[in-house]
Amino acid sequence: MGAPPVRLAMANPPVKVAARSRSSEAMRRYLAELVGTFVLVIGGVGAAVLAGDRIGFLGVSFAFGLSLLAMVYAIGPISGCHINPAVTVGLMLCGKIERRHVPGYLIAQCVGAIMAAGIVLLMAKGGPEGYSAVAQGLGANGFDAHSPGNYGAGTAFLAEVVLTFLLVLTVLGATDARAPVGFAGLAIGLVLTLIHLVGIPLTNTSVNPARSLGPAVFVGGWALQQLWLFIVAPLLGGGLAAAVYRTVHRPAVEIPAARAEQALESERAERVAPQRPAESP
């Protein structure tokens with residue numbers, strides 16, 4: 001009678017390596033979203049708080065648009081540069097981001113916005129006259145008495161839905177498989193500028209729940225009480241944009257936003273190809 005077979009407990013290194021790789025890739029995405037949202041709020045809200053009286057609505061609008069444009073090219077190939085919960089929800093509904101990444105994106109965006117708003121507040125407090133977030137608003141979004149033009153909640157809600165719809169529809173279209181490669185940042189940055197030109201007199205323009213949350217945390221009071229509108233309306237606008245995009249575009253191939261914002265494979269290959277030594281004259 002032979003000896004019983006010996007069972008060897010063998011680990012599965014390839015599976016563990018793959019799991020670590022996926023976890024590392026996810027963290028890179030979340031960190032990129034945190035940094036991108038931080039830059040958007042520093043650039044846009046910072047311009048409104050620190051230089052708004054000098055550059056006016058037009059300058060603040062361009063500050064937001066240029067911040068987003070820069071981030072599309074800086075972090076777009078890593079995370080897709082959503083830096084906005086409404087954009088993340090719209091892309092999720094269109095299959096341009098895996099659902100498992102959505103909570104990480106939303107948390108990273110909110111943390112980045114709060115951090116940036118805190119930095120803006122610290123810089124503003126360093127001025128010769130100081131600064132009070134409660135009294136001066138820190139660029140928070142609002143309606144009624146807290147709207148730059150004293151617009152009511154109904155108008156503010158409608159504006160935020162429509163303007164977010166425009167933003168998310170542009171993001172979806174610019175990152176479509178058939179869109180021109182390399183131009184997504186221009187389209188998205190310019191449409192955000194346009195949106196702020198329309199929306200600043202109404203609500204200070206949110207179209208981004210994370211952007212609204214950041215200043216509201218430090219202003220408290222009325223800003224937190226009115227925050228619901230700047231969460232619900234942009235998410236609704238993002239969902240409507242996704243529904244229209246899926247109806248109108250119906251692309252044969254769906255690709256993630258991060259891939260759409262990368263250079264062509266051939267262009268990337270040329271960049272990393274070994275350089276030939278210069279020939280002697």
What does region 107-226 give for Rg and for Dmax, in Å, if only its C-alpha atoms count?
16.0, 52
Burial ranking of peptide ranges 103-112, 164-173, 210-219 (average Cβ count within 10 Å, highest at the top)
210-219, 164-173, 103-112
Which order do H146, H82 take by accessible area at a 1.4 Å probe, largest first?
H146, H82
Rounded to the nearest 10 Å², the accessible area of R246 using a 1.4 Å probe with every protein chain kept is 120 Å²
Which order do the peptides 85-92, 195-202 take when ranked by the mean count of other beta-carbon atoms within 10 Å per residue, highest first?
85-92, 195-202
Note: R178 to I55 extended length (0.36 nm per residue) minus current alpha-carbon separation gives 40.5 nm
Once the dipole of region 60-206 is set up from charges on Cβ (+1 Lys and Arg, -1 Asp and Glu), the residue from the list L172, G142, S67 lying farthest towards its positive end is L172
Using alpha carbons only, how many angstrom separate the centre of region 160-198 from the centre of region 96-133?
22 Å
Rg [Å, one decimal], Dmax [Å, integer] - region 72-166, C-alpha atoms
16.8, 50
Roughly to the nearest percent, how much of the accessible area of region 127-208 is carbon and sulfur, given a 1.4 Å probe?
67 percent
Rounded to the angstrom and largest first, Cα extents along the principal axes for region 19-96 equal 51, 24, 17
Please list Y30, Y73 in order of solvent-accessible area, largest first, computed with a 1.4 Å probe with all protein chains present.
Y73, Y30
Spread of Cα-to-Cα distances over 10 Å intervals beginning at zero, given as percent, for region 59-107:
26, 49, 23, 3
Could you check how many percent of all C-alpha pairs in region 181-236 are farther apart than 14 Å?
60 percent
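The values are calculated or read from the model by the stated rules, or taken from the named source; none is laboratory data. Because the structure is a prediction, the values reported are computed rather than measured. Quick reminder, even Gly has a Cβ in these numbers, built from the backbone with ideal geometry, and neighbours come from all protein chains shown. What goes into the accessible areas is simple: the full protein's heavy atoms, side chains included, and nothing from ligands, DNA or RNA. Shrake-Rupley method; radii C 1.70, N 1.55, O 1.52, S 1.80 Å.
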